[in-house]
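Asks: Encoded as structure tokens, here's the structure I'll be asking about.
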Amino acid sequence: MTQPSLIALDWGTSNLRASLLDGDGNELDTRSAAAGVMAVPERRFAAALESVCGDWLSAHPHCLCVASGMIGSRQGWVEAPYVNCPAGLADAAAQLVPVAFGDGHLLHIVPGLRCVGDDGQVDVMRGEETQLWGADLLAGSCCVLPGTHSKWAWLGEGDRVLGFQTHMTGEVYALLTQHGILGRLMQFGGPLAEAAFNDGVHLGLQQHAQLLHTLFAARTAGLMGQRAPNELPDFLSGILIGAEIAGARGPAAAAVTLLGEGTLCDRYARALDLAGIVVQRAAHEATTRGQWRVAVAAGLTTTAPTAARREGRR
């Protein structure tokens, strides 16, 4: 029977996903819960972890745990300091933050990354770096990770992240539609209004430098009857994503790799195609694969307790 070697935890703001991996990094079992960092009461992270995979820990006490994501943030279990870019997998593996919990168990938290842009401003990521290292990206790649805060990352030789940018596109969309006047005329739900989205993308691409003005078109288009209420959300989404694509700075890329799943990635693929950028999709399960690779680089994946690991549990 294949023996478990590692428990990999994708521990974000809203959810916790746990994977039990064998000695080759293959997934033996997986489970998830709405036990993200912001959902754990009174910072009882050890109890949350035990509730999700306590039976794994009991049955396989030799297994160490590795976690990436917001669990290493200031709001998480223990803050894992950022590693400065350019940084590769080995740099992160050398700076894992160990946390003892339960009956002699040990969790290792993957640090996030930090970079400074051409404008002198600091940018950070936490969790996405592990996805990048599991996505089998080539040197010179530009990778886009859509989300509430989407990331554009540029990769160098030897899996090194050279730099990246955060774009708050998803959060701005949520704020404008849920708490602003733009949402008053909108009807939500239903399939993608393709023509409205495409028009929004083109407008965002062309007028990204005047975004604060351009956004008002999502209201006037409704007031003037140019867009139906059910088209307005996708028109606004297209404007924001188009402006993000046009404004993303870094080494020019004729092609990008999309890393993520679901309809949001489909929207980005459509928008990037409209911008004339070739799109390819990263393989699935990049997060778990990246966590495994970090653990291997850190020497955490042996199937029997070693002296170093026993020392870490004292």
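Asks: Restricting to the range 85-105, what's the tally of residues that are assigned to a loop (DSSP other than H, G, I, E, B), within 19 Å of the chain's Cα centre (by Cα) and under 23 Å from C63 (Cβ atoms)? First the steps, then the outcome.
Replies: Of all residues in the range 85-105, those assigned to a loop (DSSP other than H, G, I, E, B) come to 85-86, 88, 94-96, 102-104.
Checking the rest, the ones that are also within 19 Å of the chain's Cα centre (by Cα) come to 85-86, 88, 96.
Checking which are under 23 Å from C63 (Cβ atoms) leaves us with 96.
Of the residues in that region, 1 qualify.
Asks: Going residue by residue through the range 259-267, is there one that turns out to be in contact with a Cys (Cβ under 9 Å, 6 or more places away or on another chain), surrounded by fewer than 21 Cβ atoms within 10 Å (Cβ to Cβ), hydrophobic (A, V, I, L, M, F, W, C) and in contact (Cβ under 8 Å) with a residue 60 or more places away in the chain? Write out each step before concluding.
Replies: The initial filter retains those residues of the range 259-267 that are in contact with a Cys (Cβ under 9 Å, 6 or more places away or on another chain), namely 259.
Adding the requirement that they be surrounded by fewer than 21 Cβ atoms within 10 Å (Cβ to Cβ) leaves none.
No, the range 259-267 contains no residue that is in contact with a Cys (Cβ under 9 Å, 6 or more places away or on another chain), surrounded by fewer than 21 Cβ atoms within 10 Å (Cβ to Cβ), hydrophobic (A, V, I, L, M, F, W, C) and in contact (Cβ under 8 Å) with a residue 60 or more places away in the chain.
Asks: Only residues that are hydroxyl-bearing (S, T, Y) and open to solvent by less than 70 Å² (accessible area, probe 1.4 Å): list them for the range 15-32, please. Full working, then the answer.
Replies: Going through the range 15-32, the residues hydroxyl-bearing (S, T, Y) turn out to be 19, 30, 32.
Listed by number, the residues that qualify are S19, T30.
Asks: Starting from residues that are within 13 Å of G104 (Cα to Cα) and in contact with a strand residue (DSSP E or B) (Cβ under 8 Å, 6 or more places away or on another chain), keep the ones in the range 51-63 and report whichever is surrounded by the fewest Cβ atoms within 10 Å (Cβ to Cβ).
Replies: Step one: filter the range 51-63 for residues within 13 Å of G104 (Cα to Cα), giving 54, 57-58, 60-63.
Then drop every residue that is not in contact with a strand residue (DSSP E or B) (Cβ under 8 Å, 6 or more places away or on another chain), which leaves 57, 60-61, 63.
On the way: L57: 19, H60: 17, P61: 12, C63: 22.
The extreme case among them is P61.
Asks: Are any residues in the range 241-255 touching a strand residue (DSSP E or B) at 6+ places or on another chain (Cβ under 6 Å) and at pLDDT 95 or above, and if so, which ones?
Replies: Scanning the range 241-255 gives a single hit, E244.
Asks: For the condition in contact (Cβ under 8 Å) with a residue 24 or more places away in the chain, farther than 29 Å from A218 by Cα and surrounded by fewer than 18 Cβ atoms within 10 Å (Cβ to Cβ), what is the one hit in A298, A286, A282, A254? Steps first, please.
Replies: Values: A298 fails: surrounded by fewer than 18 Cβ atoms within 10 Å (Cβ to Cβ); A286 fails: surrounded by fewer than 18 Cβ atoms within 10 Å (Cβ to Cβ); A282 fails: surrounded by fewer than 18 Cβ atoms within 10 Å (Cβ to Cβ).
Criteria check complete, one pass: A254.
Asks: Further question on the same structure: Going by what's in this entry, would A80 be described as crowded, with 20+ Cβ neighbours inside 10 Å, farther than 28 Å from T2 by Cα and touching a Gly at 6+ places or on another chain (Cβ under 7 Å)? Give the derivation first.
Replies: Values: crowded, with 20+ Cβ neighbours inside 10 Å: yes; farther than 28 Å from T2 by Cα: yes; touching a Gly at 6+ places or on another chain (Cβ under 7 Å): yes.
Yes; evaluated as a whole, the condition is true for this residue.
Asks: Here's a follow-up. Would you check which residues across the range 127-138 are open to solvent by 20 Å² or more (accessible area, probe 1.4 Å) and out of contact with any strand residue (DSSP E or B) (no Cβ under 6 Å at 6 or more places or on another chain) and list them? Spell out how you get there, then give the answer.
Replies: First, the residues of the range 127-138 that are open to solvent by 20 Å² or more (accessible area, probe 1.4 Å): 128, 131, 136-138.
Answer for the range 127-138, where residues must be open to solvent by 20 Å² or more (accessible area, probe 1.4 Å) and out of contact with any strand residue (DSSP E or B) (no Cβ under 6 Å at 6 or more places or on another chain): Q131, D136, L138.
Asks: Could you grab me the full set of residues in the range 139-157 that are over 18 Å from L264 (Cβ atoms), open to solvent by less than 60 Å² (accessible area, probe 1.4 Å) and either touching a Gly at 6+ places or on another chain (Cβ under 6 Å) or assigned to a loop (DSSP other than H, G, I, E, B) (or both)?
Replies: Within the range 139-157, A139, S141, W154, G156 qualify.
Asks: Out of the residues in the range 133-155 meeting the condition of being at pLDDT 95 or above and out of contact with any Ser or Thr (no Cβ under 9 Å at 6 or more places or on another chain), tell me which one is farthest from R281 (Cα to Cα).
Replies: W133
Asks: What number of residues within the range 159-193 satisfy the criterion of being crowded, with 18+ Cβ neighbours inside 10 Å, over 30 Å from G134 (Cα atoms) and not aliphatic (A, V, I, L, M)?
Replies: 2
Asks: Given the conditions (1) crowded, with 18+ Cβ neighbours inside 10 Å; (2) in a helix (DSSP H, G or I), and given that R227 satisfies all but one, which numbered condition is not satisfied?
Replies: R227 satisfies all of (1) crowded, with 18+ Cβ neighbours inside 10 Å; (2) in a helix (DSSP H, G or I) except (2).
Asks: Can A35 be described as open to solvent by less than 20 Å² (accessible area, probe 1.4 Å) and in contact (Cβ under 8 Å) with a residue 60 or more places away in the chain?
Replies: Numbers: open to solvent by less than 20 Å² (accessible area, probe 1.4 Å): yes; in contact (Cβ under 8 Å) with a residue 60 or more places away in the chain: no.
No.
The values are calculated or read from the model by the stated rules, or taken from the named source; none is laboratory data. Please read these numbers as outputs of a predicted model, since none were measured by experiment. Note that we place each Cβ from the backbone using ideal geometry, even for glycine, and neighbour counts take in every protein chain shown. These area figures cover heavy atoms from the full protein model, side chains too; ligands, DNA and RNA do not enter into them. Shrake-Rupley method; radii C 1.70, N 1.55, O 1.52, S 1.80 Å.
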